[in-house]
Amino acid sequence: MALERTFSIIKPDATKRNLTGAIAAKFEEAGLRIVASKRIQLTLAQAQAFYGVHKDRPFFGELTEFMISEPIVVQVLEGENAIAKNREVMGATNPAEAAEGTIRKEYALSIGENSVHGSDAPETAAEEIAFFFSGLELVG
Ligand code: RTP
Ligand code: MG
């Protein structure tokens with residue numbers, strides 16, 4: 001299968017606890033190459049735009065406030081089957097349901113403060129990469 005790219009966020013609960021390197025190591029150990037990476041702090045408008053798909057969900061306010069509470073690290077990960085592979089390494093949304101060895105099992109604090117985001121399909125991966133990165137910033 002051809003190389004695929006996915007978009008990842010190391011969320012505020014993880015950057016705050018100095019887990020950026022530990023989480024990046026999990027990606028690399030799984031065979032995902034970090035082809036772009038930057039540490040930023042979102043504005044509320046940016047967080048609301050990024051999570052627009054969830055705007056009618058009861059957790060939208062809590063989620064967007066959390067996402068602006070500390071810096072985040074946005075990354076593009078490349079590898080074979082990268083979207084599915086990244087979701088496997090992340091584990092279930094709720095850490096109580098996440099498999100052993102996954103990032104969320106090891107590091108997530110709760111269903112909301114769950115350490116990482118990863119795109120869920122090729123279309124969302126392309127949109128999310130373009131939301132944060134220009135083509136020039138992607139160095140395979
Ligand atoms: P993500 O989009 O962040 O990779 O996570 P996901 O697909 O596993 O979860 P999704 O259903 O897309 O939800 C997006 C994020 O919203 C927060 N959330 N909070 N309080 C709650 O019940 C609740 N449910 C979801 C989580 O931070 C989740 O990752
Ligand atoms: Mg999602």
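The values are calculated or read from the model by the stated rules, or taken from the named source; none is laboratory data. Fair warning: this is a prediction, and the values are worked out from it, not measured in the lab. Because the Cβ atoms are built from the backbone with ideal geometry, glycine has one as well, and the counts that use them run over all protein chains shown. Ligands, DNA and RNA are excluded from the accessible area calculation, which covers all protein heavy atoms including side chains. Shrake-Rupley method; radii C 1.70, N 1.55, O 1.52, S 1.80 Å.
Couplings 3J(HN,Hα) of the stretch 5-18, computed from phi: 10, 9, 10, 10, 10, 8, 7, x, 4, 7, 5, 4, 9, 6 Hz, in residue order, whole Hz [Karplus 6.51 cos²θ - 1.76 cosθ + 1.60, θ = phi - 60°; x for Gly and Pro]. Relative to the Cα centre, what is the charge dipole magnitude of the chain, using +1 at the beta carbon of each Lys and Arg, -1 at the beta carbon of each Asp and Glu, and rounding to the nearest 20 debye? Its charge dipole is roughly 280 debye.
Pairwise Cα distances in the stretch 1-70 exceed 18 Å for 49 percent of all pairs. Counted by Cβ distance under 13 Å from Glu127, the other residues give a net charge of -2, where Lys and Arg count +1 and Asp and Glu count -1. In this structure, Glu100 and Glu80 have a Cβ-Cβ separation that, at R0 = 35 Å, corresponds to a calculated FRET efficiency of about 0.90. With Cβ to Cβ distances under 14 Å as the rule, what net charge do the other residues near Leu19 carry (K, R +1; D, E -1)? Its environment carries a net charge of +3. Calculate the FRET efficiency for Ile111 and Glu70 from the Cβ-Cβ distance with a Förster distance of 22 Å, rounded to the nearest 0.05. With a Förster radius of 22 Å, E is 0.75.
Charge dipole of the stretch 76-140 (Cα centre as origin; +1 on each Lys and Arg Cβ, -1 on each Asp and Glu Cβ, all else neutral): 160 debye, rounded to the nearest 20. Remark on Asn81: its backbone amide H falls under 5 Å from those of Glu4, a criterion applied only to residues 5 or more positions apart or on other chains, H modelled at 1.01 Å from N. If you take all other residues with their beta carbon under 12 Å from the beta carbon of Glu106, and give Lys and Arg +1 and Asp and Glu -1, the sum is +3. Relative to the globular-protein estimate of 2.2 N^0.38 Å, the Cα radius of gyration of the chain stands at 0.97. Among beta bridges identified by DSSP and lying wholly in the chain, the antiparallel ones come to about 100 percent. Lysine pair count for the stretch 1-104 (Cα-Cα distance under 19 Å; residues 8 or more apart in sequence or on different chains): 8. Counting only protein chain heavy atoms and rolling a 1.4 Å probe, the accessible areas of Arg57, Arg33 rank, largest first, as Arg33, Arg57.
Taking a ≥ b ≥ c as the square roots of the Cα gyration tensor eigenvalues, with a/c under 1.5 meaning rounded and otherwise prolate when a/b beats b/c, else oblate, which class fits the stretch 90-133? The shape class here is prolate.
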